[in-house]
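Asker: Have a look at the structure that comes next, please.
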Amino acid sequence: MEANEKQKASVGGVKKYTGSCHCGAVRFEADVDLGNGAIRCNCTICTKTAWFGALVKPNAFALLSGEENLSSYEWASKTSRRYFCKHCSVNCFARGYLEQVGGDYVSLNVNCFDEVELQDLKVAHWDGRHNNWEAGPRPAPWPIFAP
């Protein structure tokens, strides 16, 4: 399969994706439908880490290696716990619960996926900075400062 065909085939339909941190100490896989797009959130942690995410149910995610190399961070809202590599500091995934996205979830850092062209993905924007989860996602970014 040519690179361009492979790239187009990687977007749309549930597919098993693999990913890792920068140094490779943490590896994971997940069954994800990137045809639904990826997520950008304007909360402070997503903004400051340039998080580009995809949500899956916990049973669609598997940590393949590197559990001993993980550290985590959870802040006051307790919406999710972010996991990152202790060696290279890359934030690979988060686990959390949010009723508005269907309860328990794993948020995957699409930037960590192997063989995905980010420019081919649709983007859904969430207003996490204002806990405006009830509004749902939209195609345009939410403002950082409340109107």
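Asker: Do you know which of the residues in the stretch 96-125 that are over 16 Å from Cys43 (Cβ atoms) and assigned to a strand (DSSP E or B) is nearest to the chain's Cα centre (by Cα)?
Answerer: Among those that are over 16 Å from Cys43 (Cβ atoms) and assigned to a strand (DSSP E or B), it is Leu108.
Asker: Of all the residues that make up the stretch 126-147, how many are aliphatic (A, V, I, L, M), over 16 Å from Leu98 (Cβ atoms) and not in a loop (DSSP other than H, G, I, E, B)?
Answerer: Let us first name the residues in the stretch 126-147 that are aliphatic (A, V, I, L, M), namely 135, 140, 144, 146.
After this cut, where a residue has to be over 16 Å from Leu98 (Cβ atoms) as well, the list is 140, 144, 146.
Next, from what is left, pick out any that are not in a loop (DSSP other than H, G, I, E, B): none.
Summing the residues that are aliphatic (A, V, I, L, M), over 16 Å from Leu98 (Cβ atoms) and not in a loop (DSSP other than H, G, I, E, B) in the stretch 126-147 gives 0.
Asker: Return the residue satisfying two criteria in turn: it lies in the stretch 1-38 and is over 15 Å from Ala60 (Cβ atoms) and crowded, with 20+ Cβ neighbours inside 10 Å, and of such residues it is modelled with the lowest pLDDT.
Answerer: Out of the qualifying residues, it is Ala38.
Asker: Give me the pairs, please: first residue somewhere in the stretch 64-79 and touching a residue at least 40 places away in the same chain (Cβ under 8 Å), second residue anywhere and of a type in the set (S, T, N, Q) and assigned to a loop (DSSP other than H, G, I, E, B), beta-carbon distance under 8 Å, and either six or more positions apart or on two chains.
Answerer: That search, which allows pairs on different chains as well, returns Ser77/Asn131.
Asker: List every residue pair whose Cβ atoms lie under 6 Å apart, where the two residues are 6 or more positions apart in sequence or sit on different chains, the first residue falls within the stretch 31-60 and is in a loop (DSSP other than H, G, I, E, B), and the second residue, located anywhere, is of a type in the set (S, T, N, Q).
Answerer: Phe52/Asn111
Asker: Here is a further query. What pairs can you find where one residue is in the stretch 114-128 and at positive phi, the other is assigned to a loop (DSSP other than H, G, I, E, B) and surrounded by 12 or more Cβ atoms within 10 Å (Cβ to Cβ), and their Cβ atoms are less than 9 Å apart, with a gap of 6+ or different chains?
Answerer: Correct list of pairs: Glu115/Ser10.
Asker: Taking the residues in the stretch 63-91 that are among the hydroxyl-bearing types (Ser, Thr, Tyr) and buried (at least 16 other Cβ atoms within 10 Å of the Cβ) as candidates, determine which candidate is farthest from Phe113 (Cα to Cα).
Answerer: Thr79
Asker: Out of curiosity, is Asp120 in contact with a Pro (Cβ under 8 Å, 6 or more places away or on another chain) and acidic (Asp, Glu)? Please lay out each step first, then the result.
Answerer: Values: in contact with a Pro (Cβ under 8 Å, 6 or more places away or on another chain): no; acidic (Asp, Glu): yes.
Criteria not met by Asp120.
The values are calculated or read from the model by the stated rules, or taken from the named source; none is laboratory data. Please read these numbers as outputs of a predicted model, since none were measured by experiment. Note that we place each Cβ from the backbone using ideal geometry, even for glycine, and neighbour counts take in every protein chain shown.
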